[in-house]
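The values are calculated or read from the model by the stated rules, or taken from the named source; none is laboratory data. Fair warning: this is a prediction, and the values are worked out from it, not measured in the lab. Please note: Cβ atoms are built from the backbone with ideal geometry, for glycine as well, and neighbour counts cover all protein chains shown. Side chains included, ligands, DNA and RNA excluded: accessible areas come from the protein's heavy atoms. Shrake-Rupley method; radii C 1.70, N 1.55, O 1.52, S 1.80 Å.
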Amino acid sequence: EITSFGRFRFTSKYPIGPTVGYDYTQILLDGRRIALPASNLVDFSIGAGSPVAPIGAFGPVRRGFLGVSAGLGYAGDEPFANDNAWYAKGSLMMGGEIDANTSVIALIEFDGNRGIFPDLPMLGFGYAKTVSPELEYVVGTFMYLNWQPRKDLTFEVLWEPIYDLSVSLEYEMHKGWKAYVSYASIEEAFTVEELPRNRRLFYTEQQAEMGINWEPSNSVSMLLAGGYAFERQFSSGWDDRSLTRIADLDDAPYARVEISLRF
């Protein structure tokens, strides 16, 4: 599996940007070992988001904003060769500050490759609170928690419906050096030529991982990790409500190398 992602944020004045970014995932399979409708799966998307207008106080919000995001993606077999695998995504957002430590956001979101209801816009909301320098959280249609019980220890949870969940515990051994353990549940969806138009190919996997992260400067970090992937399976269906299992993959160890550059 090959993954790459990038974000460029022009200002931090607003919670949503202006930002441009991309995500790329490629899964290569050995067709001699497992029979699947496709063996070269790619999900690539690019998009941008920005506030478009400040708005005045409303309800408990003392300073708000309106924002939009839009993007285009391809999730299919044989990179960019399947005309039916292109999808659009976008959102209309409204949010703002209740006080210096509290903010809210509401949105209408469309994602043509979402795991559930990919053909419908969905409502979302989030309530974000910074309780202290050591604790912050978001609750709503997505969840986030960041807690530092000690200066050198960070616990983080992120959940995006329905299957994407990550939990990590990070320990700072020395300035610039961090060790961590993590768990992640992942789902990917692809439109492939050999399946009917009303069915997609889904891949789900769970991962337990540990590794070392080295940050020699604020602009560069390098990660070396090893883990174990389990509950790996391919299914077909339109969305998460009606999946039929196609094949199971063996549980397996893996190694991961990641290099991050920040400008």
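For the reader, a short list of remarks on this structure follows.
- Dividing the radius of gyration of the alpha carbons in segment 146-249 by their Kirkwood radius gives 1.12 for Rg/Rh.
- Hits among aspartates and glutamates - C-alpha to C-alpha of Lys175 under 15 Å, sequence gap 8 or more where chains match: Asp152, Glu215
- For Trp238, the residues whose modelled amide H falls within less than 5 Å of its own, excluding neighbours fewer than 5 places apart on the same chain, are Arg200.
- Highest mobility in the GNM of the chain, judged by mean-square fluctuation with C-alpha springs under 10 Å and restricted to Arg150, Arg114, Arg200, is found for Arg150.
- Out-of-range pairs (alpha-carbon distance over 29 Å; input Lys129/Lys151; Lys89/Lys151; Lys129/Lys178): Lys89/Lys151
- Distance from segment 203-224 to segment 82-141 (C-alpha centre basis), Å: 25
- For the chain, taking the reciprocal of the average inverse distance between every pair of different Cα atoms yields a Kirkwood hydrodynamic radius of 20.4 Å.
- Accessible area of the chain belonging to carbon and sulfur atoms, whole % at 1.4 Å probe: 59
- For segment 237-252, Karplus couplings with θ = phi - 60° (6.51, -1.76, 1.60), whole Hz, Gly/Pro x: x, 6, 8, 4, 6, 9, 9, 10, 5, 9, 7, 10, 9, 5, 4, 7
- For the chain, a Gaussian network of Cα nodes joined below 10 Å ranks Ser103, Ser182, Ser217 by mean-square fluctuation, and the top entry is Ser217.
- Shape call, segment 213-263: gyration tensor on alpha carbons, a/c limit 1.5: oblate
- Couplings for segment 69-84, taken from phi via the Karplus curve 6.51 cos²θ - 1.76 cosθ + 1.60 with θ = phi - 60°, read 9, 8, x, 9, x, 9, 10, x, 8, 6, x, 6, 9, 9, 5, 7 Hz in order; Gly and Pro are left as x.
- In this structure, the amide hydrogen of Arg63, modeled 1.01 Å from its nitrogen in the peptide plane, lies closer than 5 angstrom to those of Glu97, counting only residues at least 5 positions away or on a different chain.
- Assuming charge only on the beta carbon of Lys and Arg (+1) and of Asp and Glu (-1), the dipole of the chain about its Cα centre is about 840 debye to the nearest 20.
- Largest mean-square fluctuation among Phe142, Phe202, Phe190, in a Gaussian network model of the chain whose springs join Cα atoms under 10 Å apart, belongs to Phe142.
- Between the amide H of Leu249 and those of Arg232, Gln233, Phe234, distances stay under 5 Å, these residues lying 5 or more places away or on another chain, with hydrogens modeled in the peptide plane.
- Once the 1.4 Å probe is applied to the protein heavy atoms, the chain comes out at 58 Å² accessible per residue.
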